[in-house]
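To start, the structure itself, in structure tokens.
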Amino acid sequence: MTGSIIEGMSQAIDALASGSSVSISGGQRGRELFTPTAQQIDASRLSDFARFLERTRGLRFGDYSALQRWSITELRSFWQAIAEYFDVRFRAPASAVLEPDRMPGAHWFSGAKLNYAEHALRADPQRVALLVANEQGEVLPVSYAELALRVARCQHGLRRLGVGKGDRVVGYLPNSIEAVIALLACAGLGAIWSSCPPEFGVVSVLDRFVQIRPKVLIGVDAYTHGGKAYARRDELKQIHAGLPADTKLVIVRPATALPPAASSFDELLASQGQGAQEVSFEAVDFEHPLWILYSSGTTGKPKAIVQGHGGILLEHLKVLALHHDIGPNDCFFWYSTTGWMMWNYLVSGLLLGAKIVLYDGSPTHPDLGALWRLAERTQITHFGASAPYFMACRERRVQLRVVAPGLRIRALGSTGAPLPPEGFEWAFNELGPTVPLASVSGGTDVCSAIVLGCPWLPVRAGELQCSALGADVCAFTPDGNPVVGSMGELVIRSPMPSMPLFFWGDEDGSRYRASYFENYPGVWRHGDWMLQFADGAAVILGRSDATLNRGGVRMGTSEFYRVVEELPEVADSLVVDLAREAGRSELWLFVVPRAGSFDGVEQRIRAALKSALSPRHVPDVICEITGVPYTLSGKKLELPVKRILEGAPVESTVNLGTLRNPEALLDLVRRARARHTT
């Protein structure tokens, strides 16, 4: 591919190699695919928020850039305005919005008390809250009133099991109604929720749950995916046995007889006594733990990331309403498992009174049209999925007008990996020029998107439209200077409310500080390469810990993949830059051929990379493989592959239970080692 962004990056590489700076602008930007109309802008929730600021504070902003700049220079005023605009119900007022204004160590809304679940269940009780769907085509609507009643009964059952404020409850669950009920029940009680999907292996689950010593494990002993039933009774038994001896076991829809001392989820909800009809909303501190998420765990014990009631509440109200433009009349869907932060993001659609769609199943069963048919049937207005899913639809030439002609989607979202320009082009060709596509990037660490979409701005192929309100995002050079128009390290220069409270078990905070603040004191290092344009738009260029450093020129891996995977002979690829003796490095490219012979493909790959990137980014070795190893959340396994091929043992480098296709990793390593010895 020789698209505009690639051409711009090639020029940037040449300039960097010669020691010059470079600005990428004008004709080198991605092709503009969508421009909001005046009517769309005026009807957006962001415009309503701007009118609120003018009405209540006398503030007027000529464009998004001015509004975003105010939101990061006046942090306290901005987040106070968010709380007021969304009518956040404080049970006790805050003594200060932010104190002190530094990282790490910032504290938000000191003294304030509230509850996340109270806001998630405050919509009109008769409105539909959930549309619960599965592979069999069943769609069950659940009203806010029905959901609240089940949450109340779940709370009553959890109390009987000894769960109270601060206790941990964990779920080994698919994307099901039971997971949502349990999360909200815990939040209402002031207990702390955490979850993993049932496709996770026993070791992976225990690596996460053992750290936090849960009081209750809620799990399934079977699940269905891709049209196949998977027994999980033995795995559930091993997980329970690996947790503290007093951990209670609750099984959702047990496929077999209950083991001794276990109870069913139906039994948990069967309470009819006093206190089982009304939801409890414990007034907790703004920074009281809400849930625990985990880093990927592919290269060691996953970090147990603790996030708070108030920070998540304000952040998700802001990002879902003002950036995704979701409101009470919308139907919100993002394909996810309970082990990815996008599931928590999806559940927070309830904060806005929207309908959310839970899909328990494979996105490709019986074919790639499954999610689009679901969107048509449930009238989804905001449809989100991973970048690899959109690219797979493009590759297979999915025609949405044929697959789901009755779609009512008014906004798309993509995350999980950078979406190449070709993915944007496919979406706009299929849905037309009036449906914006927001490619968003953020992550588990903040449980949100920080570079994302905006209803006021145009959409350009391959680009993320802007930095989020309240997020002081920029690119840094290695010596800590902001850079525009060149690749840099993505950083956040001021606190955000949804940043982790702490890592569970990290008593002195050393692991927390090392994870985010070791490189740039007082500045959050996010771990991505980013190219930021002068107008605030950006391109994410891959993980900075998987950098390709060729002759002193650094490049993120996503630009590499855009060139290689555009070739019709290539189905997938993975690239790593391996350190060798005497400061030398080798660039290895692993390629999954689409079909037929691999003869001649190497030459075409080398020519394409030389032309689109630079001669120094032509691989030293190109190795054919059967599949690229991916994490369960759909990320290519770049850093672990690099470490293994540099000599680290597989078993101590990667937890195979965290991989979607562990056999692909083992095959890659075998082929690479055979190639290295020849």
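The values are calculated or read from the model by the stated rules, or taken from the named source; none is laboratory data. Quick caveat: nothing in here was measured; it's all calculated off a predicted structure. Note that each Cβ is placed from the backbone with ideal geometry, even for glycine, and that neighbours are counted across all protein chains shown. For accessibility, only protein heavy atoms count, side chains too; no ligands or nucleic acids. Shrake-Rupley method; radii C 1.70, N 1.55, O 1.52, S 1.80 Å.
Structural remarks
- Think of the range 76-123 as a dipole: +1 on every Lys or Arg Cβ, -1 on every Asp or Glu Cβ, centred on the Cα centre; then among S95, G105, L121, L121 lies furthest on the positive end.
- Percentage, to the nearest whole number, of Cα pairs in the range 116-268 over 28 Å apart: 18
- Distance between the pseudo-spin-label points of N519 and A648 (7 Å out from Cα toward the beta carbon): 1.7 nm.
- Computed E for D63/D479 - FRET, C-beta separation, R0 35 angstrom, nearest 0.05: 0.65
- Cα-derived Rg over Rh, computed across the range 384-482 with Rh taken as Kirkwood radius: 1.02
- Ligands, DNA and RNA left out, the 1.4 Å accessible surface of the chain is 49% carbon and sulfur atoms.
- Sorted largest first, extent of the range 29-148 alpha carbons per principal axis (Å): 50, 47, 32
- A straight chain from D87 to R511 at 0.36 nm per residue would run longer than the Cα-Cα distance by 149.1 nm.
- The range 451-572: equivalent-ellipsoid semi-axes (sqrt of 5 x gyration tensor eigenvalues, Cα, Å): 27, 19, 15
- Accessible surface, per residue, of the chain when the full set of protein chains is kept, probe 1.4 Å, Å²: 37
- Calculated FRET value between R373 and D124, using beta carbons and R₀ = 30 Å, to 0.05: 0.55
- Taking the range 146-286 and dividing mean pair separation by its residue count, relative contact order in percent (alpha carbons under 8 Å, at least six apart): 32
- Looking at the range 242-332, none of the chymotrypsin sites (Phe, Trp or Tyr not before Pro) sits in a DSSP loop with at most 12 other Cβ atoms within 10 Å of its own Cβ.
- Cα→Cβ-extended label distance, 7 Å offset, between R673 and A96, nm: 5.6
- nm² value of the averaged projected area, convex hull over the Cα atoms of the range 216-367: 12.7
- Here A255 and E138 are evaluated by their C-beta separation; at R0 = 22 Å the FRET efficiency comes out at 0.80.
- Amide N proximity, the range 114-150 versus A283 label position 7 Å along Cα-to-Cβ, cut-off under 20 Å: 114-122
- Checking every one of the trypsin sites (Lys or Arg not before Pro) in the range 114-211 against DSSP loop status and a limit of 16 other Cβ atoms within 10 Å picks out R122, R127, K165.
- Label-to-label distance, nm, for residues given as R401 and A43 (7 Å Cα→Cβ offset): 2.3
- Length-normalised contact order for the range 325-424 - Cα pairs under 8 Å, 6+ apart - percent: 29
- Unit Cα scatterers, Debye sum, the range 568-673: log10 I(q)/I(0) for q = 0.11, 0.15, 0.16, 0.17 Å⁻¹: -0.35, -0.65, -0.74, -0.83
- Zero-based 10 Å bins, Cα pair distances in the range 504-643, whole percents: 10, 35, 33, 16, 6, 1
- DSSP-defined antiparallel bridges as percent of all bridges, the chain, nearest 5: 60
- Cross-link partners of K301 among lysines, defined as those whose alpha carbon lies under 25 angstrom from its own and excluding same-chain residues fewer than eight positions apart: K215, K237, K248, K635, K636, K642.
- Largest-first principal axis extents of the Cα set of the chain (Å): 73, 63, 56
- For the range 179-301, with +1 on Lys and Arg beta carbons and -1 on Asp and Glu, the positive-most of P214, I239, A187 along the dipole: I239
- Its residue count N fixes a reference of 2.2 N^0.38 Å for the range 369-415, and the Cα radius of gyration divided by that reference is 1.06.
- Charge dipole of the chain (Cα centre as origin; +1 on each Lys and Arg Cβ, -1 on each Asp and Glu Cβ, all else neutral): 420 debye, rounded to the nearest 20.
- Toward the positive end of the charge dipole of the range 383-536, with +1 on the Cβ of Lys and Arg and -1 on the Cβ of Asp and Glu, the farthest Cα among S486, L437, C454 is that of L437.
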